[in-house]
1. Along the charge dipole of the chain, pointing to its positive end and built from +1/-1 on Cβ of Lys, Arg, Asp and Glu, which listed residue (GLN98, TYR5, VAL147) has its Cα farthest out?
2. Which value, in debye to the nearest 20, describes the size of the charge dipole of segment 89-206 about its Cα centre when Lys and Arg Cβ atoms bear +1, Asp and Glu Cβ atoms bear -1, and nothing else is charged?
3. If you bin every alpha carbon distance in the chain into 5 Å steps from zero, what whole percent lands in each bin?
4. Please work out whether segment 1-93 counts as rounded, prolate or oblate from its C-alpha gyration tensor, where a ≥ b ≥ c are the square roots of the eigenvalues and a/c under 1.5 means rounded, while otherwise a/b larger than b/c means prolate and anything else oblate?
5. Can you tell me the length gained on complete extension of the stretch GLU28 to ARG145, counting 0.36 nm per residue apart and subtracting the Cα distance?
6. Which links in LYS3/LYS217; LYS8/LYS232; LYS3/LYS232; LYS194/LYS214 stretch past 19 Å when you go from one Cα to the other?
7. For the residues THR47, THR99, THR11, what sequence is obtained by ranking on other C-beta atoms within 10 Å, fewest first?
8. Which is the longest run of the chain containing none of the GluC sites (Glu not before Pro) found in DSSP loop states (not H, G, I, E, B) with at most 15 other C-beta atoms within 10 Å?
Amino acid sequence: MLKDYFEKLYTGSQADFFRLADGAMDREERLFVVTANPEVMMIAQATPELDAVLCSDAATIVPDGIGVVRAARGLGLELPGRVTGVELAWELICHAGQTGRRIYLYGAREEVLQALVRRIGTEVPGAVIAGAKNGYDHEDDAVFRDVLEQRPDLVLVALGVPRQELLIARWLDEFDKGVFVGVGGSFDVLSGQKQRAPEIFLKLNLEWLYRIAKEPKRFGRFFRSNVRFLGKVRRIGGLDRRD
Ligand code: UDP
């Protein structure tokens, strides 16, 4: 249920979450991060398997989307702001580089993936790429069999929602360590193939508007899920948080 997602939503700052995730990598713990925006939450409402993943103890949900931050505040949570998938992915890549850890990248188009691998090679020389597979020419479970064999410390999966989360959730128990994040279109941005919104849009919390202006085909999907999201958030009674 939507309410459950907010009950377990991470409410610290992005910097604190970076420390938490970096620490999990250092200590060789297992961490599965779901970066949630209203669309992700609405897809989960319509997809029982994803709903189960979001509600499970295995997944940590962070608010990647100003709609989720605002809704959470409306429900009485004190949230400093967003924890974005694209920034989290880069932070974890850099941390892996500083500590000589192994990274596995799965998803996006081959040229995007190769551009990202090149960028990591030049900007994060300490990072070891344990594997890099595009999201179009491979079978998900076959890739994860390889991931399991490689035992990477960081696994970034860029296939879109819900495929990336369901894949990670299906395999998570097989791993004894690793930070796993479903990062959506982040490889497109981190590789430099797609522009992120200019700073002013980020400051004004209008990244969503920039993305729609750049890709108008997103509008219908965005509008429908956000309107339904707001309606559903309004119907949530009080939260019953564990912390
Ligand atoms: N993608 C993929 N294989 C597919 C479909 C999509 O690897 O069969 C990738 C796509 O190239 C993109 C990412 O998945 O890099 C999803 O991007 P999108 O912007 O749709 O995701 P969002 O950030 O909106 O969740």
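Just so it is clear, none of the values below were taken in a lab; they were calculated from the coordinates. All of these numbers come straight from a predicted model, not from anything done at the bench. Counting neighbours? That spans all protein chains shown, and the Cβs are built from the backbone with ideal geometry, glycine included.
1. TYR5
2. 380 debye
3. Per 5 Å bin, starting at zero, the Cα-Cα P(r) for the chain comes out as 1, 6, 14, 19, 21, 18, 12, 7, 2, 0, 0 percent.
4. oblate
5. On the way: separation 117, 0.36 × 117 = 42.12 nm, distance 1.95 nm.
Extending this stretch completely gives an extra 40.2 nm.
6. From LYS3/LYS217; LYS8/LYS232; LYS3/LYS232; LYS194/LYS214, over 19 Å: LYS3/LYS217.
7. Ordered from fewest to most neighbouring Cβ atoms within 10 Å, THR47, THR99, THR11 come out as THR99, THR47, THR11.
8. Numbers: sites that count: GLU28, GLU29, GLU78, GLU139.
My reading of the result: 140-243 is the longest stretch.
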